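A.B. asks: Here it is: the structure, laid out below.
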Amino acid sequence: VLNISSNRREFLRLTAAGTLAALAGSFDVPLGRAVQAAPRPASKSMADTLIVLWMAGGMAHTETFDPKRHSTFTAGMRADEVLCTFPPIDTAVDNIKISQGLEKTAAVMDLGTLIRTHVLGDLGHILHSRHQYHWHTGYEPPQTVAAPHLGAWIAHALGPVNPAVPAFIDVGQGYEGNGEAEELKAFQTGGCLGSRFNPFRVPDPRQAVNVVRPPAGMSEKRFRQRFQTLQQLVAASTAAKEHRDAQHEALLRASDDAYRLMESPAAKAFDLSLEPRESYDTYNISKFGLGCLLARRLVEQGARFIEVTTEYGPFLQWDTHDNGHTRLATLKEEIDAPIAQLVRDLESRKLLDRTMIVLASEFSRDCLVEGKPDRKVPDQVEQPAVINELKFYGMHRHFTGASSVLMFGGGAKRGLLYGKTAPERPCTTIENPINITDLHATMLAALGIAPDYNVEVEQRPFYATKDGKGVPRRELIG
Amino acid sequence: MRFFPTLFSQRLIGVVTVLAACSLVVPSSADEPRRDAKPADKPVDFADDVAPIFQKRCAKCHTGTQKKGGLSLNTRQTLLTGGDSGPAVVPKKSAESELIERVTSTEADARMPPEGERLTDVQVELLKRWIDADLPWEDGFAFGKATRQAPLAPRRPAVPNVPDDARLTNPIDRFLYGYFAKHNVTVRVDDSDDVFARRASFDLIGLPPTPKDAEELRTAARPSTDRLKYIQRLLADREAYAAHWLTFWNDLLRNAYHGTGFIDGGRKQITGWLYAALHENVPYDRFAHDLVSPKPASGSEGFTFGIKWRGTVNESQRREIQAAQSVGQVFLGTNLKCASCHDSFVNHWKLTDAYALASVFADGKLELHRCDQPEGIPATVGFLYPELGTIDPQASREGRMRQLADLLVHEQNGRFARTIVNRLWAKLFGRGLVEPLDNMDAEPWHQDLLDYLASDLADHGYDLKRTLTLMATSHAYQMPGVGFDNTAAGGDEFVFRGPFVKRLTAEQFVDTVFTLTSTWPEPDAGLLKSDGRAQGGQLGAIAQTLAGDSSSSPAGERRLLAQAHWVWSRRDARQAAPPQTIFLRRVWPLEARPARAIATFTADNSCELFVNGKSVGKLDNWAMPFQVDVADALIAGKNVLAIKAANGGSSPNPAGVIGEVVALGADGKHVGLLSTDESWRVSEVEAAGWQKAEFSDSAWTAAAVLGDASVDPWQIEKSVAQGNLNSQVSAPLPAEFRIRAALLPLDSLQAALGRPNREQVVSSRDTSPTMLQALELTNGTQLGQAIQRGAAAWHRQQGKTTPQIVDEVYQIALGRSPSNGERQVSSEIVGSPAAQEGLEDFLWSICMLPEFQLVP
């Protein structure tokens, strides 16, 4: 706690590391209402940092990382014969083939694990944001307790790596004009862990620097003066002594921290214009690509959890209700080089060993099956039995039986192929299913966090994996 | 290898709960869950498999304080220690364990349990496997932990006598007199009128005191009388009071909710009703009664409606159970969330209790589900406190809800009043008499005071303003504010020393910024209307409420579409019509242009409405009729309403159009009505200019009538009555109406400052300052823009010197005058004459001051 009478101007001059610690700073109101933290995890970690690359909207497994028999488009073709609209390609690993358009990622396949049998939840009816909520919190909404985001749990359990970098950063998801914005907000939250664990949001990585810059149109000089003014007024304040309590101090600390974040060297990570041209260009293929670049720059500064999303919006990006083939060609281009470059950059900087990258999506897609083969849900996409137009050529229904997950670094096995899906429709999981609970447990285990890590909420434990029951899949890590 | 053993699950929790509450209850076979043999490859789960057996068959004699034969099953250790005849179990050796010997014994004096059925083979097998697995037990868990249950009945403790020289008239102070003496608390009334004015104003109406009010208080001749008057004046400002307490109730009732589930009409807002109830200070018993047992179309039905999600939902979150959870938490301060899934471990409620209450709201019979698995047992209707009375399971759903509401406000239900006075106490004093606020079984730090306040409320017509006045005029409330110093965070027993310093809520913060910067929002159409999914439109609902007169309220007492009929071009369209587009017209002569003309229309599947050739509205979801004021498009004389309607799909399916226009005069009286019926003309062919007045429809035919607003498959009348209406119509807001922060949609500033999205019931918000909040305040656009506009507003105030501006800003923002030092620093920043940028920097700095954000 700061001493109010100390020279705060002097204090503000300290802009070195040790700033931005606000997320780690704790302010528990003595009302018996605050959430109690569980003991720190004791188990040995393999990773310090987790990056989630989120393919928002449902990435079809057979069109990306799990290619099947390929059928080229011909008017009059039968939909039930279409499994895959792209040919397979080789990867750096002999027994792994992935889909055309992902050549650069294919070339770094030897640095990671490919899981083909991530099985998603049965929620009765497809609602993207609800499945995304499920994936990100591990709990199926609705819940009587506000379930925290995976990133919030990690921030809660481990705090920041570098106190100057927020522990939970969410990159690329805007809310403005988004038809499901409220649903997204419902899980992009610290939830019952408290507002300290809310995400530090960078809605658009192209404008990342604005998040840590003075308000638009304000000069640096004036911005500094503003804080000096605040300081002077605090110093001159005649507020009664008893009001200078822990809340008072916490408020001052919070604004100091905000100021220091903006002034700190770590803030430079947000300024993508500082990246060398060639490297910048490699990532600057898409908004998502720049998100990956931002992630890398933040990891270099010491980030704990970063999610970079392709951005969810109904019927946008991976939410391909039509034109699946043509849209996926573009989408793959948007992710391929950035993913590969992120992996390579971290590897060359010797950061990959302690940084786990996980690429996932809320479910996969199929031309015909909505839900799972044995647990179908109402169709939401019209798919003619005979395809005459290119717009019907692709995977347009929402498939939850199997989806692909990539893992690189942070203890993830190198060159491993895990799980098997059926070669013919339904291309569902036939070997080694892994659900959200166990996938989360595996990621958490890599970070040294137990699946039954919990906090007490309303006198009961609330767990980092559903009911504390996640089981890390040891074959995947270590 | 399983890395972490996961013995403990939420399911265990359920079992754990059983223990405390029902150690004296002999289990009936009816609540014995169906159990099949556990597959050999599944490990035995203590929570799932073992604890229930102990609970049902052994607990009565061997848990809690019961130790028959010296044996207690409370913990793993007591089990290992055993009783008079030695250890009860040998770990990993079931064959050598006495427990197994006893439960399988057929000898009358050795067998366990000594009475009733034998354990089943399945149960014995589970126990054996559990022993062989080394008796996995949940850390920290013990059978028979007692949970306190607060007495239910109201109590009317006499107000204690205190020495005359204490000069204490307020009953609260007289109750606390002895308490303070016992805890060595020096009682001192804060003499600062500034502090009092600010505290009371924020607590009662959520706004900073006006400089005039503060000045009057400061110059008052008789402080205590004037403080009472001040409080009464605040509470008499019905608009300000309602807007402030809307925040409190929206959090508790999950209202003004934007969010998940909206696609399926997930939530029914109650803003209009709620605002009116607060505005009129409706007695609290009636308030609760209306929420739990809503009168038809009263606007309060959303509370028990819950939030509906698309897809399958965990049984413990079905709407009926949400209703039970909400009623329990909000009105009775008890947690039914755990018991909705399994017998609770945090209190004494059982699964059957939660389902009994939920059954009140069910259309049919509910089946018990334990942890989302069906139990094959129907739930029975009941109330949590049967000593107050019962609910007739044969009664209709409405009847059951009414009986429940009656029990809730029953004169012997002291818990009902205690729960609300405790919440009010917490709002004013920063901490409840009982904490947590949602567990009224916890021990209050002053039972008599709690009981007195509760009975006082009940005995005086449940007038919440009376209770607030009582609290705010007490010396206790006027003591100096208590800070949250770090030492207070220790485990020591709480001692009341005065009201806590409270942080401004998001709404109070924003309202103060609006006040300080004279930037109250304008009532634009976006704020007034709901968004087509029946979300938003809080302000519109309030405008409607304030307009009061139901004749001017299109959704008022007149039944919508009362005379309207479904029409189409074909008589059998209600069964099926081909996918097609049809055109409808009706000439409508009017003597004068009406002040308002409320058009309400829908079509299966879509339509567009034209008035005199001008498009006035489109719709593509028949279940959500649109409503729009078309007065601007009407003229005195001949008008033409025209509708282009389309039936979608790829094969024949039901089709129809229905609608009406209600014309209202300036006085709100009905002056005309036009409804869809056979007088409309129809064509299946589009003709040039068909929607215009001058077009001749003589070649068209009369529309075919399919039935009135009640017919299948649409039942549109019922649907509209339930609020499925996309209304773009709003009553105008009264002049001078202030659009307070609580009436605005949730934005990033309010979210950062802790306004919840109301996914869950929130009874106390997280008030921790965070860096993310500070960042939002530092470079977020909302505050930035308000500051800019505010600076401009101050700048425009000609004739005010910089020191005058500084003084006024301090007065509004901090409720006090600046010191000389503050005035000097501030004036330098503002500049002389005042400069726009200087004013901005000054106003921003003021808003960032901890003193601004904290109410002493």
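The values are calculated or read from the model by the stated rules, or taken from the named source; none is laboratory data. Since the model is a prediction, treat every value here as computed from it, not as a measurement. No Cβ is skipped: glycine too gets one built from the backbone with ideal geometry, and neighbour counts run over all protein chains shown.
A.B. asks: How many residues are surrounded by fewer than 24 Cβ atoms within 10 Å (Cβ to Cβ), touching a Gly at 6+ places or on another chain (Cβ under 9 Å), assigned to a loop (DSSP other than H, G, I, E, B) and not polar (S, T, N, Q) when one looks only at the range A:147-163?
C.D. replies: 3
A.B. asks: Another question, then. Identify, from the list B:Gly461, B:Gly399, the residue that is out of contact with any helix residue (DSSP H, G or I) (no Cβ under 7 Å at 6 or more places or on another chain), of a type outside the set (A, V, I, L, M, F, W, C), surrounded by fewer than 23 Cβ atoms within 10 Å (Cβ to Cβ) and outside any helix (DSSP H, G or I). Working first, answer last.
C.D. replies: Numbers: B:Gly399 fails: outside any helix (DSSP H, G or I).
Every option except B:Gly461 fails the conditions.
A.B. asks: Quick check on the range B:798-805. Is at least one of its residues part of a helix (DSSP H, G or I) and of a type in the set (Gly, Ala, Ser)?
C.D. replies: Step one: of the range B:798-805, the residues part of a helix (DSSP H, G or I) are B:802-805.
Add one more test, that the residue is of a type in the set (Gly, Ala, Ser), and what stays is none.
No, the range B:798-805 contains no residue that is part of a helix (DSSP H, G or I) and of a type in the set (Gly, Ala, Ser).
A.B. asks: Identify, please: which residue in the range A:182-201 is touching a strand residue (DSSP E or B) at 6+ places or on another chain (Cβ under 8 Å) and either assigned to a loop (DSSP other than H, G, I, E, B) or of a type in the set (Lys, Arg) (or both) and is, among those, farthest from the other protein chains (Cβ to nearest Cβ)?
C.D. replies: A:Gln188
A.B. asks: Out of the residues in the range B:811-826 that are of a type in the set (Gly, Ala, Ser), buried (at least 16 other Cβ atoms within 10 Å of the Cβ) and in a helix (DSSP H, G or I), state the one that is farthest from the other protein chains (Cβ to nearest Cβ).
C.D. replies: Top of the filtered list is B:Ala813.
A.B. asks: Facing chain A (nearest Cβ under 10 Å) and either more than 23 Å from B:Ile377 (Cβ to Cβ) or surrounded by fewer than 22 Cβ atoms within 10 Å (Cβ to Cβ) (or both): which single residue out of B:Asn255, B:Asn281, B:Asn314 fits that description?
C.D. replies: Numbers: B:Asn255 fails: facing chain A (nearest Cβ under 10 Å); B:Asn281 fails: facing chain A (nearest Cβ under 10 Å).
Sole residue among the options that is facing chain A (nearest Cβ under 10 Å) and either more than 23 Å from B:Ile377 (Cβ to Cβ) or surrounded by fewer than 22 Cβ atoms within 10 Å (Cβ to Cβ) (or both): B:Asn314.
A.B. asks: Next question. Among the strands (runs of 3 or more DSSP E) contained in the range B:566-634, which hold 3 or more residues that are in contact (Cβ under 8 Å) with a residue 60 or more places away in the chain and buried (at least 16 other Cβ atoms within 10 Å of the Cβ)?
C.D. replies: Here the list reads B:580-590, B:596-604, B:626-629.
A.B. asks: Would you mention how many residues in the range A:441-472 are on the phi > 0 side of the Ramachandran plot and at the interface with chain B (Cβ under 9 Å from one of its Cβ atoms)?
C.D. replies: Total satisfying the criteria: 4.
A.B. asks: Moving to a separate point now. Would you check which residues across the range A:232-252 are modelled with pLDDT under 90 and not small (Gly, Ala, Ser) and list them?
C.D. replies: Within the range A:232-252, A:Thr238, A:Lys241, A:Glu242, A:His243, A:Arg244, A:Asp245, A:Gln247, A:His248, A:Glu249 qualify.
A.B. asks: Another question, if that's okay. Name the residue, out of B:Asp448, B:Asp463, B:Asp372, B:Asp456, that is closer than 21 Å to B:Gln325 by Cβ, of a type in the set (D, E, K, R) and in contact (Cβ under 8 Å) with a residue 40 or more places away in the chain.
C.D. replies: Only one candidate qualifies: B:Asp372.
A.B. asks: Of the conditions (1) away from chain A (no Cβ under 14 Å); (2) at pLDDT 90 or above, B:Gly333 clears all except one; give me its number.
C.D. replies: Every condition holds for B:Gly333 apart from (1).
A.B. asks: Within the set of pairs 6+ apart or on separate chains, which have a first residue in the range A:160-181 that is away from chain B (no Cβ under 11 Å), a second that is crowded, with 19+ Cβ neighbours inside 10 Å and acidic (Asp, Glu), and C-beta atoms under 6 Å apart?
C.D. replies: Between residues of the range A:160-181 that are away from chain B (no Cβ under 11 Å) and residues that are crowded, with 19+ Cβ neighbours inside 10 Å and acidic (Asp, Glu), the close pairs are A:Val161/A:Asp48; A:Asp170/A:Glu307; A:Gly172/A:Glu311; A:Gln173/A:Glu311.
A.B. asks: Collect the residues in the range A:71-102 that are among the β-branched types (Val, Ile, Thr), assigned to a strand (DSSP E or B) and surrounded by fewer than 21 Cβ atoms within 10 Å (Cβ to Cβ), keeping them in residue-number order.
C.D. replies: A:Ile89
A.B. asks: Same structure again: For residues that are among the hydroxyl-bearing types (Ser, Thr, Tyr) and at the interface with another protein chain (Cβ under 8 Å from one of its Cβ atoms), tally how many sit in the range B:757-810.
C.D. replies: Quick first cut of the range B:757-810, residues among the hydroxyl-bearing types (Ser, Thr, Tyr) only: B:763-764, B:767-768, B:770, B:778, B:781, B:801-802, B:810.
Subset that is at the interface with another protein chain (Cβ under 8 Å from one of its Cβ atoms): B:764, B:767-768, B:770, B:778, B:781.
Counting residues in the range B:757-810 that are among the hydroxyl-bearing types (Ser, Thr, Tyr) and at the interface with another protein chain (Cβ under 8 Å from one of its Cβ atoms) gives 6.
A.B. asks: Return the residues of the range A:435-469 that are part of a loop (DSSP other than H, G, I, E, B) and of a type in the set (D, E, K, R); say none if nothing qualifies.
C.D. replies: We begin by selecting, within the range A:435-469, every residue part of a loop (DSSP other than H, G, I, E, B); these are A:435, A:447-453, A:458-459, A:464-465, A:469.
Answer for the range A:435-469, where residues must be part of a loop (DSSP other than H, G, I, E, B) and of a type in the set (D, E, K, R): A:Asp452, A:Glu458, A:Lys469.
A.B. asks: Something else now. Do any helices (runs of 4 or more DSSP H) lying entirely in the range B:217-330 carry at least 1 residues that are more than 30 Å from A:Thr189 (Cα to Cα), and which ones are they?
C.D. replies: The qualifying helices (runs of 4 or more DSSP H) are B:223-236, B:238-253, B:271-279, B:284-292.
A.B. asks: Moving on to the next point. Look at B:Ile307 and say whether it is facing chain A (nearest Cβ under 10 Å), at pLDDT 90 or above, surrounded by 22 or more Cβ atoms within 10 Å (Cβ to Cβ) and more than 27 Å from B:Tyr462 (Cβ to Cβ).
C.D. replies: no
A.B. asks: Enumerate the pairs (first residue in the range B:114-130 and loosely packed, with under 11 Cβ neighbours inside 10 Å; second residue anywhere and in a helix (DSSP H, G or I)) with beta-carbon separation below 9 Å, excluding pairs fewer than 6 apart on the same chain, so at least 6 apart or on different chains.
C.D. replies: If the second residue must be in a helix (DSSP H, G or I), the pairs left are B:Glu117/B:Ser29; B:Glu117/B:Arg57.
A.B. asks: Quick test of your reading of the structure: B:Ala687 fulfils all but one of (1) assigned to a loop (DSSP other than H, G, I, E, B); (2) in contact (Cβ under 8 Å) with a residue 40 or more places away in the chain; (3) closer than 21 Å to B:Phe601 by Cβ. Name the failing condition by number.
C.D. replies: Status for B:Ala687: all satisfied but (3).
A.B. asks: Specify which of the listed residues (A:Ala258, A:Ala208) is buried (at least 21 other Cβ atoms within 10 Å of the Cβ), more than 7 Å from chain B (Cβ to nearest Cβ), in contact (Cβ under 8 Å) with a residue 12 or more places away in the chain and not in a loop (DSSP other than H, G, I, E, B).
C.D. replies: Values: A:Ala258 fails: more than 7 Å from chain B (Cβ to nearest Cβ).
After applying the criteria, what remains is A:Ala208.
A.B. asks: To continue, here is another question. Filtering the range B:734-756 down to residues that are under 27 Å from the mean Cα position of the chain (by Cα) and either at the interface with another protein chain (Cβ under 7 Å from one of its Cβ atoms) or among the acidic types (Asp, Glu) (or both), which residue is nearest to A:Ala181 (Cα to Cα)?
C.D. replies: Taking the candidates together, the pick is B:Asp747.
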